[in-house]
Amino acid sequence: MKIKISKVGGHMPALELKLEDEDKPYFKDIDIWEKYDPIHIARNSSISTDIDVYLNAGDKDESGFYEGCSILHKILKEKGVTSQNHVFCGNHSAEYIKSNIEKYLQFYGR
């Protein structure tokens, strides 16, 4: 049985713009980092236009993940993917998730 994924969400996704030293225990070099980096993958791969993407991050996110969301959103739109990008009030925290959970569920429920 083939499963079709129609919606993908990135809620406070750790979309970093470069490989940082603090990430090297997980991604020992740039090749491994790029293999798993959503921005690099989106830039360099064909992507189905049959999915809807919902990205969001807080305007006070300590790592600035809203910047990565904006870049990924732009790439997806250029490739014809239906993509939303939201910067809501808050930082990278459980409180941020709680304050936006209804928006996430509305996206997945449509």
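The values are calculated or read from the model by the stated rules, or taken from the named source; none is laboratory data. All of these numbers come straight from a predicted model, not from anything done at the bench. With ligands, DNA and RNA removed, areas are computed over all heavy atoms of the protein, side chains included. Shrake-Rupley method; radii C 1.70, N 1.55, O 1.52, S 1.80 Å.
Assorted remarks:
- Its relative contact order, with pairs defined as Cα atoms under 8 Å and 6+ residues apart, puts the chain at 30 percent.
- Think of it as helices only: each DSSP H run of n ≥ 4 in the chain is worth -39500 (n - 2.57), and spread over all residues that comes to -12000 deg cm²/dmol at 222 nm.
- By accessible area with a 1.4 Å probe, ligands and nucleic acids excluded, highest first: order of 88, 65: 88, 65
- Over region 34-74, the reciprocal of the mean inverse Cα-Cα separation, the Kirkwood hydrodynamic radius, stands at 11.4 Å.
- The chain, accessible surface, carbon-and-sulfur percent (1.4 angstrom probe): 53
- Over 24 Å between alpha carbons, listed pairs 4/98; 4/77; 7/60; 35/79; 7/74; 2/28: 4/98; 7/60; 2/28
- If you wrap the tightest convex hull around every Cα atom of the chain and split its volume per residue, you get 129 Å³.
- Residue-normalised accessible area of the chain, given per residue in Å² at a 1.4 Å probe: 66
- Kirkwood-Stokes translational diffusion coefficient of region 68-110, alpha-carbon pairs, 4 °C, 1.567 mPa s, µm²/s: 110
- Cα-Cα P(r), region 1-50, percent of pairs per 5 Å interval: 4, 15, 23, 21, 17, 10, 7, 2, 0
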